[in-house]
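Here the structure is laid out as structure tokens; the discussion comes afterwards.
The values are calculated or read from the model by the stated rules, or taken from the named source; none is laboratory data. All of these numbers come straight from a predicted model, not from anything done at the bench. Virtual Cβ from ideal backbone geometry, glycine too; neighbours counted across all protein chains shown.
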Amino acid sequence: MKRTFFLMLLVGSALLSNTCWATSSLAVLDTIPGQSQLVKQLESDACRQLEKGSSPAAVAGYTVTQAQAMLELAISTSIDKRREQIKAVVKRSGNGEDKLMAQLPTVLALQLVKNCTVARALYNRFQGNAALEAGETSFVQSFSAELCEQLNGLHTKGAFKGKTPEQRVELFHQVFLQSLKTRGPQIMQLYGPAGNSSQTVAALSTKVFQQMQQQCAESIMLLNNAK
């Protein structure tokens, strides 16, 4: 039973910081006899499974995909294991099984991240990466747009006139380095200490220039064909 959809609800700070949302969700569970206890049992099952298979220290070496898959598997396995108990709760409550099954993965995920150390480590592994990717994408797009504008500005001001392609590239390279220096604090905020490494800067620069090829391919051609 695959339940990747719950991750769309889980990833993001709302499920961890919005206590009103969490309290409201659990209050709904408490209104149905046996449902709150069911969630506790599912949580215990899933957490034991996670603790047998890993540890918080080991999670640091997992890929984002591995961390996500491990958490999903623990949740789906625990729900499948107690299918008959779920049906009994549904029968007592008068609610449909589909409605309860739609709630359980998200509520169970929330409880695991809150109370199970390994689950929280797994969540942080892919949630943190998602935040980094979103921040990096925004940075790359913004930086690329800035460089495209500066490249066009060099052309408009006649800075490329009479210059060889090598000289134009060097001129633009100096502009790039100055812009990179200006954006240094943003890079450090995005990557932390890794933002000081040449590997990080090189990888980021590659992504920026790839984005420029999408945003202003004609402007890039000015480096080889300025008029």
Quiz item: Across segment 151-180, which residue is surrounded by the most Cβ atoms within 10 Å (Cβ to Cβ) among those that are within 31 Å of the chain's Cα centre (by Cα) and polar (S, T, N, Q)?
Solution: 179
Quiz item: Which residue pairs have Cβ atoms under 6 Å apart, sit 6 or more places apart or on different chains, and have a first residue in segment 65-77 that is over 12 Å from residue 123 (Cβ atoms) and a second that is of a type outside the set (D, E, K, R)?
Solution: 76/1
Quiz item: Restricting the first residue to segment 125-143 and requiring it to be assigned to a helix (DSSP H, G or I), which pairs with a second residue that is at pLDDT below 75 meet a Cβ separation below 6 Å and a spacing of at least six or different chains?
Solution: 127/11; 130/11
Quiz item: Does segment 172-189 contain at least one residue that is at pLDDT below 90 and small (Gly, Ala, Ser)?
Solution: no
Quiz item: Yes or no: residue 162 assigned by TED's automatic domain parsing to the domain that holds residue 145 and on the phi > 0 side of the Ramachandran plot?
Solution: yes
Self-check item: Selected residue (only one of 113, 118, 201 is under 30 Å from residue 48 (Cβ atoms), crowded, with 16+ Cβ neighbours inside 10 Å and modelled with pLDDT under 90)
Solution: 113
Exercise. Please work out which residue is surrounded by the fewest Cβ atoms within 10 Å (Cβ to Cβ), limiting yourself to segment 204-227 and to residues that are of a type in the set (D, E, K, R) and within 17 Å of residue 156 (Cβ to Cβ).
Key: 227
Practice problem: Could you grab the pairs with beta carbons closer than 7 Å, sequence gap of 6+ or different chains, first residue in segment 190-204 and farther than 14 Å from residue 133 by Cβ, second one small (Gly, Ala, Ser) and surrounded by fewer than 11 Cβ atoms within 10 Å (Cβ to Cβ)? | Solution: none
